[in-house]
Amino acid sequence: MITSGEIRRLFSKYDKSRLTISTICSHSALQIFHGAKWLKFKTLGVTTPDRRFVYEAFPLAKPDIFIEVREFKDILSKDVQERLVEENCVIIPHGSFVEYIGAANILNRLFVPMFGNRMVLLWESDRSKQREWFREAGLKTPREFKNPSEVDCKVFVKYPGAKGGTGYFIADSAEELEEKIKRAMEKRLIKSVEEASIQEFVPGVRYYFHFFYSLMLDVGFRVTKGRLELLGMDKRIEPIDEAYRGLPNVPEEFFDYTVTGNQPLILRESFLKDCLDMGARVVLASQRLFPPGIVGPFCLETIYHPSRGFTVFEVSARIVAGTNLYPQGSPYTAYLFNEPMSTGKRIALELKKALESNRLEEILY
Ligand code: ATP
């Protein structure tokens, strides 16, 4: 594993006055570049040739420099990494970054400094570790079943990694579950039953809360040494949301949980205490489990049920695509900042504040 000591040593040679914000051209890269450019950072996008025109199509979010690679994984090659170091790059991880490159590769092979605590990737990319984190935080989570024969309620089945919901399914009984798992194995979505994550199906309304844990700003909701900010929220749109339209004959392909877009949301104000409390618990637990804990953006994916309250089913410990809704800020950032503030810009602001106070080492790993 590449240690934080190694990254610090390399970072100490950086020309800090020319710090460059960099990521791969996918997911929330437009927002990240847009925010960075707003705060006058240099920007660098690692792209595949077929995507470059997308990032040229939005001049205010276009990276100043492109590095073209055949596939995103090539960012791990010595040549590309050395070029990134030469350009004084700090990498901003996002959902596609973690999915394409892989948490283990990031931990073991990526020597370019990255924004946020790398250890978080170990905890968020493994569902059983996520559960341990939620347990430590004292959050309500869906029941889990190790073996299909133990199932005694409607269940929801997922696969390893962040698959954006593709191929996930529900089953009403142990028999139906076994049948569907068999089909998933035939389609090579999973290799064995053990790979399937079998959860109790939680009915209710979904809320995806976008948080930012800042070590650089302090007035507001203090959680240990930092401030916890609620930057926004969204709801994912999935084909299943439209299934009701086809009743009583819903086409099979509409029983699909693949994310296809995001809708803006605000929360009934009296629920904000639950929302902020969940965010704070996740931060505190992360500090106990993998010090210094979470740094920067993260998202809690929740389901609200009228009598059960909020159940958390997933944490994403980096910028999520739902934040793309708010390049000029959300209704909540209006109460935190006197200027438009996207999550992408918020990351750049944290880097700027750290740079000004000579504290970059606290937020780069
Ligand atoms: P991503 O990493 O892109 O967020 P993922 O592959 O990790 O996606 P989840 O976010 O955990 O998958 O789940 C995808 C969708 O499945 C959710 O948006 C929600 O609609 C549904 N879902 C997940 N878990 C449950 C559950 N326990 N009960 C009911 N629905 C669920």
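The values are calculated or read from the model by the stated rules, or taken from the named source; none is laboratory data. Since we're looking at a predicted model, the values are computed, not measured. Cβ sites come from the backbone with ideal geometry, for glycine too, and all protein chains shown count toward neighbours. Heads up: the accessible areas ignore ligands, DNA and RNA and are worked out on the full protein's heavy atoms, side chains in. Shrake-Rupley method; radii C 1.70, N 1.55, O 1.52, S 1.80 Å.
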3J(HN,Hα) from dihedral phi, the stretch 329-344, Karplus parametrisation 6.51/-1.76/1.60, rounded to Hz, x for glycine, proline: x, 10, x, 7, 5, 4, 8, 10, 9, 8, 8, x, 9, 7, 5, x
Degrees, to the nearest 10: 29-38 long Cα axis against longest axis of the chain: 30 degrees
Whichever lysines have a C-alpha closer than 18 Å to that of LYS62, once near sequence neighbours (fewer than 8 apart) are set aside: LYS37, LYS40, LYS42, LYS345
Within the stretch 34-58, backbone nitrogen closer than 16 Å to the virtual label 7 Å beyond the Cα of ASP64 toward Cβ: 34-46
Gained length - LEU355 relative to LYS235, 0.36 nm times residue gap less alpha-carbon distance: 39.8 nm
Whole-angstrom gap from the stretch 271-319 to the stretch 23-37, using each part's C-alpha centre: 24 Å
Overall form of the stretch 4-114 per C-alpha gyration tensor (a/c, 1.5; a/b vs b/c): oblate
Karplus-derived 3J(HN,Hα), 6.51/-1.76/1.60, for each residue of the stretch 349-358, Hz, glycine and proline x: 5, 4, 5, 5, 4, 5, 5, 5, 9, 6
Extension gain (nm, one decimal) between GLU56 and GLU6, 0.36 nm per residue minus Cα-Cα: 14.5 nm
Inter-label distance, nm, simple model (7 Å from Cα along the C-beta direction), THR166/PHE201: 2.4 nm
Summed residue charge, Cβ within 9 Å of VAL315's Cβ, Lys/Arg positive, Asp/Glu negative: -3
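Between LYS16 and ASN105, what length comes free when the chain is fully extended (0.36 nm per residue of separation minus the Cα-Cα distance, one decimal in nm)?
Gain in length upon complete extension: 29.4 nm.
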Debye, to nearest 20: dipole size of the chain, +1 on Lys, Arg Cβ, -1 on Asp, Glu Cβ: 1120 debye
Carbon/sulfur fraction of accessible area - the stretch 4-114, other protein chains in place, 1.4 Å, %: 52 percent
Surface per residue (accessible, 1.4 Å probe) for the stretch 128-228, Å²: 52 Å²
Residues GLU269 and SER77, FRET efficiency given R0 of 51 Å [Cβ-Cβ distance, rounded to 0.05]: 0.55
MRE, 222 nm, helices only [DSSP H, n ≥ 4, -39500 (n - 2.57), over the chain, to nearest 500]: -8500 deg cm²/dmol
Selection from PRO248, ALA29, SER197 lying farthest towards where the dipole of the chain points positive, charges on Cβ: ALA29
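Go ahead and run the numbers for FRET between LYS225 and GLU175, Cβ-Cβ distance against an R0 of 56 Å, rounding to 0.05. Working shown, then result.
Numbers: r = 52 Å, r/R0 = 0.93.
Here the calculated transfer efficiency is 0.60.
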Whichever lysines have a C-alpha closer than 26 Å to that of LYS187, once near sequence neighbours (fewer than 8 apart) are set aside: LYS73, LYS146, LYS154, LYS158, LYS163
In order through the stretch 40-52: 3J(HN,Hα) via Karplus (6.51 cos²θ - 1.76 cosθ + 1.60), integer Hz, x for Gly, Pro: 6, 7, 6, 10, 9, x, 9, 10, 8, x, 5, 9, 3
5 angstrom amide H check on TYR207, placed H, neighbours 5+ away: THR302, ILE303, TYR304
